[in-house]
Every structure is written in C-alpha cells, then in structure tokens.
Amino acid sequence: MAQTVDGRKKISEKFIYFFGAFGGILFGYDIGVMTGALPFLQHDWNLEGQATTIGWITSGVMFGAIFGGATAGMLSDRLGRRKMILASAVIFVVGSIACSIVPNNGTGWLIAMRIFLGIAVGAASALVPAYMSEMAPARLRGNLSGLNQTMIVSGMLISYIVDYLLKGLPHQYAWRLMLAAAAIPALILFLGVLRLPESPRFLIHHGNVEEARHVLSMIRPVDQVEAEINEITTTASEEAENHRKVSWGTLFSPRYRYLVIAGIGVAAFQQFQGANAIFYYIPLIVEKATGQAAGEALMWPIIQGVILVLGSLLFIAIAEKFNRKTLIMMGGTVMALSFILPAVINMVMPNAHPMMIVVFLSLYVAFYSFTWAPLTWVIVGEIFPLAIRGRASGIASSFNWIGSFLVGLVFPIMTAKMSQELVFFIFGVICVLGVLFVKFMVPETRGHSLEDIE
C-alpha cells in the first residue's frame, strides 16, 4: 500500500466508500427488518387487534431517529464525525441485541429499546453521508446522494431476505433472530470506521490544520493537498461568519422564507405520502387483502426491495438528464394513481381480485424509488443557500422523520377502522397535494448555482 511523505499508509477511496456504504446498509436493515419480524412477533405475543401497540413497536425507531439525527449533528461538531459514527455503531449493536432479548410480552420494553435503537438510526442517517462527502474528492461528491440511497434500499432488501430465510423457525425465535442479526453489520461498521481517520474538515474547524494535512495526504495526491486545505479553511471561515449572523428567525425572513418552506415541504411530503406504510406493513397488507398468513407472505417484501434497489440505480443513471421538478411531479402523479385507482376499481367492481391492490402498490414503489425517494434529498441539498443550509437542512430532516414516525404509527390504527382501499385513497390525495406543492412552491434547482436560486 502506498505511503505519505511522513510514512503513514494511504487509505483507498474504495475502503472509505465500502464502510460508508455499510452505514447506509445498516440504516436500511433496521428500517426494514420489522417488516418480516412483525407477523411472528404479533403471533408470539398475541397482538392481533392491538393496532396502537403494533404502531408504536414499528415506529419506535423513527421516533428515536427524530432526536438521534439532531443530537448527533450537534455532537459531531464538537467530538468529531468518526467518534460519533463509532458511538452509533455501538448503540446499533447494543440496541439490536436488547430488542431480541426483551421478556415475553414486554411490549413496553420492546418499544423503549426500539426508540433507543432509533437514536443510532437517526445518527447514522445524518453522520455517514456527511463523513463520506467530507472525505471524498469534489469530483465524486455529486454521486454520493444516489449511492447512499442505493445502500439504504440494499440494506432494506438484505433485511427482507434475512426475514424470509428465518421464517421457518418457531415464531418465538424467528422475530428475535431477525432483530438480533442487525448487530452483525453494526459490528462490521465499527471495525471498519475504527481504521479510518477523522474528517479533515472537522480538524480544520477545530484548528488542527497539521493533522488535517496528514489526513488529506493519506487520501489525496500530494499536489492537491494544499489547495484543498486552503479551500476548506476559506469555507470554514465563511460558515463561522454566517453562523454568527444567522438566527432561527432568519430562516423565515422574507429573503429565505420561500426556500425554507419549499425544502421542508418536500421533505415532509415524502413521508406523508405513505411509502413507509408499504415498507413496514406489506405482509400484513397482503394478509388483509387475501387471507394468506402474513408470515407466509414474506416474498412480497423481497419483491419490493428489489424494485427499490433497481429504482435507485435508475435514478443514478438519469438524475442529470431530467429536471428535478419534472421527475418528482411525474413520480408523484403515478404514485397518486396507484393509490386512488384500487379504491375506484373496487367501487365499480366489488369482486375484483384482492391482489389488485398489491400490484398497484408495487407500481407505487417503482416510481417512488427513482423520484421522491432520492430527489427529496437532492432538492434539500441544493435549495438552501449557504448562510442557512445547516439549520434549514436540520429542520427538513426532522420533519421527514416526524412524518415517517406518524405514518408508521397511524397506519395500523387506520386499517383497523376502515378498509385498506380507503386508507390508500387518502394517501393518494396527499400525493396529489405533494405534486401541486412542487409545481407551485418549489423552484427548479438542476443546473442552477446556489446564487441563482437565492
């Protein structure tokens, strides 16, 4: 392995991205694993009919993530990105094992452990992309958003496959092993990040320019190090000056209000449109539609996971070929129709095949996967000017997690009170509102500098 001038080993870009990818895979695994574990847990603890309890067990991770992302972001500015990723990996390991060994019928304990695990999920969702972008050369940063989305949905697919492979075990063991298995990628992430250096951007922010120079010499050609040191130093000085001038009230001043509302609105609509209702509950949706036991319907999450991965790869291929608004409005329109049409067809043809709704949901997932799923974060990353970017992005992320939590919580309650077709019709109306919001409230950001947008 090549060395720097001071004898330190250079670190391969592939090594950095591999363990950055593991952060996304770990995040996705914990988001998706309950999809397959829930039917077995429900049977083991006799939770049928307890919609609120099921909602809290499922959405507890998202509730914890609301606080985990914000807290980790602040602490990483003080303690460092690398240390906080390591701490998150430890919480992942402990939380995953704790969820798998809760006492029988200990719903309160399981919900508490899921919230605890959510702190790490929220932290990973904020820290890993930030660390990767700060370590990567500028020429590769533009691809990281699409890459991170691919890794998250790959983690979800892995969780679905693990759930499927373990479904033959007795119910009381199957769900526990599914949840415990998340500790494996968490341990791999910890061991990998242990070998990585701290972000040079963090080091310069804290006045440790010499160590930042050492780190950059480990991951960049020698002739590029000083130029990047100067660039980071200049940017850090500008951000420090902006931070002194900008308050929370600045976000809603006439100059920035339009962009802040646009960014927060897109982040919130991504979740309130109901995607996570499908990801978390597809086996139960199939059970309610067909009468097939949810534990025997675990092939459907795998199908959804494959669609998500393929969609994320399609997005990477076409991201810069179409305007942001064109893609996201087209996706939202098809998503709305995928929710609304089953209800309309069911009214006209009451004896329509019950699997019709699942086919339409698969169409929804396909269009969501290469439009709203990745483009939300592309728009949030591009729409905020430098002066308010940190605070505004944090609020947008919080609204996204709040939406994810509420959808996971209320969906089983809604389906207990009304038909699935009606529930998804409501989500379809929200999709229509999302399209209208993008059309009238969100500026086109593709090909424009931040100064143009501002």
(request) Those residues that are open to solvent by less than 10 Å² (accessible area, probe 1.4 Å) and either on the phi > 0 side of the Ramachandran plot or small (G, A, S) (or both), I need them from region 369-402; list them, please. (result) S369, A373, A392, A396
(message) I'm told N242 meets every condition in (1) modelled with pLDDT of 85 or more; (2) closer than 26 Å to G381 by Cα; (3) not β-branched (V, I, T) except one. Can you identify the failing condition by its number?
(response) (1)
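Inside region 227-341, counting only helices (runs of 4 or more DSSP H) that do not spill past its ends, which hold 1 or more residues that are surrounded by fewer than 22 Cβ atoms within 10 Å (Cβ to Cβ) and of a type in the set (D, E)?
Once the helices (runs of 4 or more DSSP H) in region 227-341 are filtered for at least 1 residues that are surrounded by fewer than 22 Cβ atoms within 10 Å (Cβ to Cβ) and of a type in the set (D, E), what remains is 275-290.
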(request) Give region 341-379 a look and list any residue that's more than 20 Å from Q304 (Cβ to Cβ) and modelled with pLDDT of 95 or more, or say none. (result) none
(request) Just one of (1) open to solvent by 40 Å² or more (accessible area, probe 1.4 Å); (2) outside any helix (DSSP H, G or I) trips up D77, so point out which. (result) (2)
(message) Please verify whether I184 is open to solvent by 20 Å² or more (accessible area, probe 1.4 Å) and over 18 Å from I97 (Cβ atoms), treating the condition exactly as stated.
(response) no
(message) Given the condition under 16 Å from A126 (Cβ atoms), under 19 Å from the mean Cα position of the chain (by Cα), open to solvent by 20 Å² or more (accessible area, probe 1.4 Å) and among the hydroxyl-bearing types (S, T, Y), answer yes or no: does some residue in region 403-410 qualify?
(response) no
(message) Going residue by residue through region 17-25, is there one that turns out to be modelled with pLDDT under 85, closer than 30 Å to D223 by Cα and open to solvent by 30 Å² or more (accessible area, probe 1.4 Å)?
(response) yes
(message) Any residue that is assigned to a helix (DSSP H, G or I), surrounded by 16 or more Cβ atoms within 10 Å (Cβ to Cβ) and touching a residue at least 24 places away in the same chain (Cβ under 8 Å) - is there at least one of those in region 349-356?
(response) no
(request) Would you be able to say whether some residue in region 97-112 is open to solvent by less than 40 Å² (accessible area, probe 1.4 Å), closer than 17 Å to G28 by Cα and among the small types (G, A, S)? (result) no
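The values are calculated or read from the model by the stated rules, or taken from the named source; none is laboratory data. In this text the structure is predicted, and so the values were computed from the model without any measurement. Note: ideal-geometry Cβ built from the backbone for every residue, glycine included; neighbour counts use all protein chains shown. To get the accessible areas, we keep the full protein, side chains included, count just its heavy atoms, and leave off ligands, DNA and RNA. Shrake-Rupley method; radii C 1.70, N 1.55, O 1.52, S 1.80 Å.
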